[in-house]
Ligand SMILES: C[S@@+](CC[C@H](N)C(=O)[O-])C[C@H]1O[C@@H](n2cnc3c(N)ncnc32)[C@H](O)[C@@H]1O
């Protein structure tokens, strides 16, 4: 085994010692709680790149010695799970469909703009601190679950219009350690229970709600939710929904005008059809809603294609810009 893995010091002073101590623990099958994970976590917090993790992998599971004298499969699995946890901060489990469109909806898979925005949220967690958040077209919930687990919002309202999506969303919320409260009701258009309050296992954390919300039929009761922040990812893909989406945003922004700060919308989109996307921005302009492009995430956490063009917009009434 190498005394100081080549090139590792580029990951910061002392990185070589850290990698070596992972290597020693790995090949002697040291207990998980004896791994220097807190030190690794601290370094990852202060660094934008993941080369340190790559060095650890190269000196452990990818080291030629691991072919010859591998620690048990169970041990290697546990070791990798700990590294993944440190890299992503939290584990997130999502049940999803393999087909892009299934059961008549695009909402049963996680789209790239959701992964992009979840990364951005983790890097900008202060934006969500103590805020009430409404997500439109949540799909199966990656963005909201990430925010609820890694940021500190006061309230998070997931929404979608499709009953099967809502059902999968509820399952995913539950399987990520968030509990269902007894407050439920049936919406007229969905056979499933569409509003459920969740609280975290420790009875702390945000109040989490799942509601059926169709952009073409938003009710006054829903508008009066008055969220501080509205989030939507990958919802600009159909020219037919652009108008109704703009109208929904306008309703929520108007409703929150009374508040000192008003609402802010964060919208992440994969720009598949520039014309449709441009139309959306034009429609915002027409009703006096301003938008600005803001920088995306810098750390890579989720495994999506980085060549895809994804744009993040911050949207508020033009006079708030
Ligand atoms: C492309 S998927 C994106 C899902 C998720 N935001 C993501 O990025 O992974 C679009 C989502 O919008 C929802 N949706 C489509 N039309 C809708 C409408 N009129 N009202 C509410 N949700 C709608 C779909 O059910 C689906 O979950």
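The values are calculated or read from the model by the stated rules, or taken from the named source; none is laboratory data. What you see is a predicted model, and the numbers here were worked out from it, not measured in a lab. Heads up, the Cβs are rebuilt from the backbone with ideal geometry, glycines too, and the neighbour counts pull from every protein chain shown.
Please indicate, with yes or no, whether at least one residue in segment 137-155 is within 12 Å of the ligand (Cβ to nearest atom) and in a strand (DSSP E or B). No: zero hits.
Within segment 166-231, considering only strands (runs of 3 or more DSSP E) that don't extend past its boundaries, which have at least 2 residues that are more than 20 Å from the chain's Cα centre (by Cα) and at pLDDT below 50?
Hits in segment 166-231: 178-186, 193-200.
Only a single item in (1) in contact with a helix residue (DSSP H, G or I) (Cβ under 8 Å, 6 or more places away or on another chain); (2) more than 30 Å from residue 53 (Cβ to Cβ) is not met by residue 304, and it is number (2). Condition check for residue 246 on (1) under 13 Å from residue 317 (Cα atoms); (2) at pLDDT below 95; (3) within 13 Å of the ligand (Cβ to nearest atom): one failure, at (2).
Listed here are the residues, each with its yes/no results for (1) out of contact with any helix residue (DSSP H, G or I) (no Cβ under 8 Å at 6 or more places or on another chain); (2) surrounded by fewer than 20 Cβ atoms within 10 Å (Cβ to Cβ); (3) modelled with pLDDT of 95 or more; (4) closer than 24 Å to residue 92 by Cβ.
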position: 235; (1), (2), (3), (4): no, no, yes, yes
position: 284; (1), (2), (3), (4): no, no, yes, no
position: 294; (1), (2), (3), (4): yes, yes, yes, yes
position: 309; (1), (2), (3), (4): yes, yes, no, no
position: 316; (1), (2), (3), (4): no, yes, no, no
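Quick one: would you say residue 147 is surrounded by 24 or more Cβ atoms within 10 Å (Cβ to Cβ), under 15 Å from residue 229 (Cα atoms), at pLDDT 95 or above and in the same structural domain as residue 224 (by TED's automatic domain parsing)?
no
When the residues of segment 122-136 are filtered to those that are surrounded by fewer than 23 Cβ atoms within 10 Å (Cβ to Cβ) and in a helix (DSSP H, G or I), which remaining residue is farthest from the ligand (Cβ to nearest atom)? Step by step, filter segment 122-136, then rank; the result is 126. For residues that are touching a helix residue (DSSP H, G or I) at 6+ places or on another chain (Cβ under 8 Å) and without any contact (Cβ under 8 Å) to a residue 40 or more places away in the chain, scanning just segment 32-41, find the one that is farthest from residue 80 (Cα to Cα). By that ranking, first place goes to 39.
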